[in-house]
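Reading through the structure tokens given below for one structure.
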Amino acid sequence: MESENLMAVYLVCAIAALAGLLFGFDTGIISGALLFIEQGFTLSTVMKELIVSSVLLGAMAGSLLSGRLTDLYGRRRVILLISTLFILGTLIASLAPTVLAILIGRLCIGVAIGIGSYTAPLYIAEVAPLELRGGLVSLNQLAITIGIMCSYFINYAFTNTQGSWRLMFAIGLIPAVFLAIGMIFLPESPRWLIKQKRHEEARKILRRLRGKHNVAHELNAIENGLSVREAGLKEVFSATIRPVLFLGMMLGFLQQVTGINTIIYYAPTIFQLAGFQDSRSAILATAGIGVVNVIATIFAVLYLDKLGRRTLLLVGLVGMCLSLLSLSLAFQADSHTSYLRGIAVVSTFTYVISFAFSLGAMLWLLISEIFPLSVRGTAMSIAVFSCWFWNFIVSSTFLTLLNALEPTNTFLVYAVMCVIAFIFCYFKIPETKGVSLETIEDNIRRGLPLREIGQPAIPDKIAAKTYSG
Ligand code: BGC
């Protein structure tokens, strides 16, 4: 492909990945904003948890709507819709005269995040050329972490400004407006157009994206893919699909109950508990978390296909568990000396690094790989919903747990969840490195155990036996 057209594909994907950036930004910004909202309004623990988790409630609803909306209205129009929702929600939240208005604005942003967390990777996968698809889809997770990092730096930059939480929220308007403008000019997904029987438009767009006149081969491949019947709910819950659906839902569950968002959303609060006196230094330490999160995600994107999903996942889970244990120990000590503060910061950093190259990158990648084509849309949105649901449960109970169990035992609970996650992943996660999606689908339909659905096509002899049996 010519470099000019490669640039065009990268540009298209980068603009769509702004939805991932907004996902990261709007979920990350609350960690710092919360400290300042508290100064302006009297907030109970439950109300604070609600402010953090209103986005997640919206995201749950959004992820359930996403499959249907993208099928009916096309990927491009839905991304345009979410950019409008981002703008509207951000305006409501940053101008909010009451806590209720903050909640409504954040709910609206949440719906946009939930729809975007499904639609943006889908759109990217559909416009990307085959040989670049994996890397470009993982760019979305990278965009999420860049969004979180930007939000932390903005939190830090505004710490000395009066009423700064309003400005913190308002900065989110910039990527949202870029997303809206960008999507006006971006093409619709050729795959969706063909599904709508708009072949000529699809052909024109593919020619532009691929930089060549003859795109018949790719058009045929899309048509063949689409001839696979769209499955009804019955097939999604059939005996063949149930195990992978369970795997997807478990991945969403484990990604969240091992505690990542207690750090991402509440890091400054945790650092203050660990003895950081002023909110400024707590927020600065949090900005560091944002940076290592991005770096470790770049590592994951580069090495996923070389080191394999299982190795990264299992090593990362051990790292997460050990970091949580040391964080728990740091809080056990009575006095918060600078030595203990150091341990708390280092443990938080190693925890985030271990998460980023394991469960962070892996959830989004694996759920785009393990579902057979005919059930992919519905099954993916169920897995995405599971992730947002458990995110909501963990984030909305964290402060209550801290009060009831003290930080030491709270982090111990998440460490135990890492042990459970390790055992589950050890026995159930398949290695999908270098295996085509068709082979994975074939293995699922043959009823292979979950851990083996990523094995290369089985030897002919066994295959023959399986088929004749
Ligand atoms: C998770 C988010 C998390 C982020 C942190 C994503 O994969 O789904 O819940 O905040 O990673 O980088």
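Each peptide among 315-325, 149-159 gets the average number of other Cβ atoms lying within 10 Å of its residues, and from highest to lowest they stand as 149-159, 315-325. Surface analysis of the chain yields an accessible area of 42 Å² per residue, using protein heavy atoms and a 1.4 Å probe. Helix-only arithmetic for the chain: the sum of -39500 (n - 2.57) across DSSP H runs with n ≥ 4, divided by the residue total, places the mean residue ellipticity at 222 nm at -27000 deg cm²/dmol.
Compare the peptides 426-439, 247-260, 349-362, 98-111 by average per-residue count of other Cβ atoms within 10 angstrom and give them in order, highest first.
349-362, 247-260, 98-111, 426-439
Computed over segment 1-186, the P(r) curve from all C-alpha pair distances, binned at 5 Å from the origin, holds 1, 9, 17, 21, 19, 13, 9, 6, 3, 1, 0, 0 percent per bin.
For the chain, the residue among L136, F237, G308 whose Cα projects farthest onto the positive side of the dipole built from Cβ charges is F237. Think of the chain as a dipole: +1 on every Lys or Arg Cβ, -1 on every Asp or Glu Cβ, centred on the Cα centre; then among F371, C150, V413, F371 lies furthest on the positive end. Taking label positions 7 Å along the Cα-Cβ direction at both E438 and M47, the computed distance is 6.0 nm, reported to one decimal. Across segment 94-105, computed HN-Hα scalar couplings (Karplus, 6.51 cos²θ - 1.76 cosθ + 1.60, θ = phi - 60°) run 7, 9, 4, x, 9, 5, 4, 5, 4, 4, 5, x Hz from first to last residue, x flagging Gly and Pro. Relative to the Cα centre, the charge distribution of the chain, modelled as +1 at Lys and Arg Cβ and -1 at Asp and Glu Cβ, gives a dipole magnitude of about 860 debye.
Using alpha carbons only, how many degrees (0 to 90, rounded to 10) separate the axis of helix 30-40 from the longest principal axis of the chain? Between helix and principal axis, roughly 40 degrees.
Relative to the longest principal Cα axis of the chain, at what angle does helix 216-226 sit, 0 to 90 degrees, rounded to 10? Rounded to the nearest ten degrees, it is 70.
As a fraction of the 1.4 Å probe accessible area of segment 232-450, surface on carbon and sulfur atoms comes out at 69 percent.
Could you work out how far helix 242-257 tilts from the main Cα principal axis of the chain, as a 0 to 90 degree angle to the nearest 10? Compared with the principal axis, the helix lies near 20 degrees.
Per the Debye formula on identical point scatterers at the alpha carbon atoms of segment 296-350, with no solvent, log10 I(q)/I(0) at q = 0.23 Å⁻¹ is -0.83. Distance between the modelled labels on Y303 and V419, one decimal in nanometres: 2.7 nm (7 Å Cα→Cβ projection).
Using a 4.7 Å Cβ-Cβ cutoff, the cysteines of the chain lacking any partner cysteine are C13, C108, C150, C387, C425. With kT/(6 pi eta Rh) evaluated at 4 °C and eta = 1.567 mPa s, and Rh the Kirkwood radius from Cα pairs, the chain diffuses with a coefficient of 57 µm²/s according to Stokes-Einstein.
Here the calculated FRET efficiency for E223 and T400, from their Cβ-Cβ distance with R0 = 56 Å, stands at 0.60, rounded to the nearest 0.05. Residue separation of K195 and R446 scaled by 0.36 nm, minus their Cα-Cα distance, works out to 87.5 nm of gained length. One chain, two ends: Q455 and L173. Fully extended at 0.36 nm per residue, the span grows by 97.0 nm beyond their Cα-Cα distance.
Packing-based ranking of 368-377, 175-184 yields 368-377, 175-184, ordered from highest to lowest mean Cβ neighbour count within 10 Å. Distance from the Cα centroid of segment 56-79 to that of segment 345-404 is 19 Å (rounded to whole angstrom).
The values are calculated or read from the model by the stated rules, or taken from the named source; none is laboratory data. These figures come from a predicted structure and were not determined experimentally. Methodologically, a virtual Cβ is constructed for each residue, glycine included, from the backbone with ideal geometry; neighbour enumeration extends over all protein chains shown. Surface accessibility is based on the protein's heavy atoms, side chains included, excluding ligands, DNA and RNA. Shrake-Rupley method; radii C 1.70, N 1.55, O 1.52, S 1.80 Å.
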